[in-house]
Amino acid sequence: MPSLKYSIIIPVYNRPEEVEELLESLAVQTSQNFEVIIVEDGSATRCDYITALFRDRFPLRYFYQENRGPGPARNFGFTKAEGEYLVVFDSDCIIPPAYFQAVDQALEKDQPDAWGGPDAPHVDFTPVQRAMGYTMASILTTGGIRGGKKHIGWFQPRSFNMGLSRRVYEVTGGFRFERFAEDIELSIRMKQAGFKVALIPDAFVYHKRRTSFAQFFRQVSNFGKGRAHIGEVFPNEVKVTHWFPTVFSAGMLALLVLPFIDARIFFFALAGFVAYLSAIFLHSLIQNKNLLVAALSVPSAVLQLSGYGLGFFGEWIKGKFGRS
């Protein structure tokens, strides 16, 4: 068994500034039994000069490959890893000092084969980033599936904060999708193989997400496309709840034409729409204790649901009728 406990694999694409923040957070971990492997995935703006600043603070290796996507980049990092456990973070994460301490305790107590953790807002995040973080994790928008303590269905670790034993990697072979839901696909196969997968609530990260609503819309649209791809491989993994964003998007479009069809139905639908968004506002206000973040959570939720819904439906149509 390797003496090194954790190998941290980080795929990077044109984000040197974020990598510096991430590495700085790793340098102050209370538990330091790890190495870091940076895989530059075809970036035009490389981060090798950043990684050079940290090589005397913890074991760190840097690799460059032509752009193939985050899934293959992580797999490449896995082949170079020497640790007992393989940990993947997104490059736009900041890791709290006690992250590995929390994982150590969970591994000793529950002995999971793989794990994931939630994300949390950082004090330096902008109100827009905090709003996006809220809607991505809220029980009202995603069912809390991205690592909340309360969530609908079985827990699927996400690649912004995921760990797996070397045995899991050897059995599953790592990621199969190049991008878009590659973490969900791996989580499904881990479950099918009978591995014990755990949510470690105290092993959270600060995930910055995107810096603008336009970038966020594109990101969640890709999430929707990814779920449609999952459905092509694992049909039973697309549930009724995954259609909710598409229904939400159709409902918004219906609000534009209902006044010309039936005014009573329009006002009934509008009341339901306003009540739902009001619930999001109030829930965000309670969680974030910030009026601006709560207000921004409303457009964030609309963009998230419509982006995911349109991405999912468009890719589902392609899968059914247009993909060869």
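Things worth noting here:
- Arg74 being closer than 20 Å to Ser159 by Cα and among the basic types (Lys, Arg): yes
- Qualifying residue in the range 124-134 (condition: of a type in the set (Phe, Trp, Tyr) and not assigned by TED's automatic domain parsing to the domain that holds Pro16): yes
- Exactly one residue out of Ile139, Ile145 is touching a Gly at 6+ places or on another chain (Cβ under 7 Å), β-branched (Val, Ile, Thr) and at pLDDT below 85, and it is Ile145.
- Criterion applied to Phe89, Phe78 was being assigned by TED's automatic domain parsing to the domain that holds Ile200, in contact (Cβ under 8 Å) with a residue 60 or more places away in the chain and more than 15 Å from the chain's Cα centre (by Cα), and the one residue passing it is Phe78.
- When we screen Gly194, Gly231, Gly272, Gly226 for residues that are under 30 Å from Val171 (Cβ atoms) and surrounded by fewer than 19 Cβ atoms within 10 Å (Cβ to Cβ), the only hit is Gly194.
- Number of positions in the range 231-242 that are under 18 Å from Gly143 (Cα atoms) and either touching a Pro at 6+ places or on another chain (Cβ under 9 Å) or touching a residue at least 40 places away in the same chain (Cβ under 8 Å) (or both): 4
- Single residue of the range 113-128 satisfying the filter (at pLDDT 90 or above and within 15 Å of the chain's Cα centre (by Cα)) that is nearest to Gln287 (Cα to Cα): Gly117
- Only residues that are small (Gly, Ala, Ser) and within 14 Å of the chain's Cα centre (by Cα) were counted in the range 216-256, giving 3.
- Within the range 42-132, helices (runs of 4 or more DSSP H) holding 3 or more residues that are surrounded by fewer than 16 Cβ atoms within 10 Å (Cβ to Cβ): 99-110
- Subset tally (residues that are within 21 Å of the chain's Cα centre (by Cα) and either assigned to a helix (DSSP H, G or I) or surrounded by fewer than 19 Cβ atoms within 10 Å (Cβ to Cβ) (or both)) for the range 25-41: 2
The values are calculated or read from the model by the stated rules, or taken from the named source; none is laboratory data. Since we're looking at a predicted model, the values are computed, not measured. When we count neighbours, we look across all protein chains shown, and the Cβ atoms used for this are built from the backbone with ideal geometry, even at glycine.
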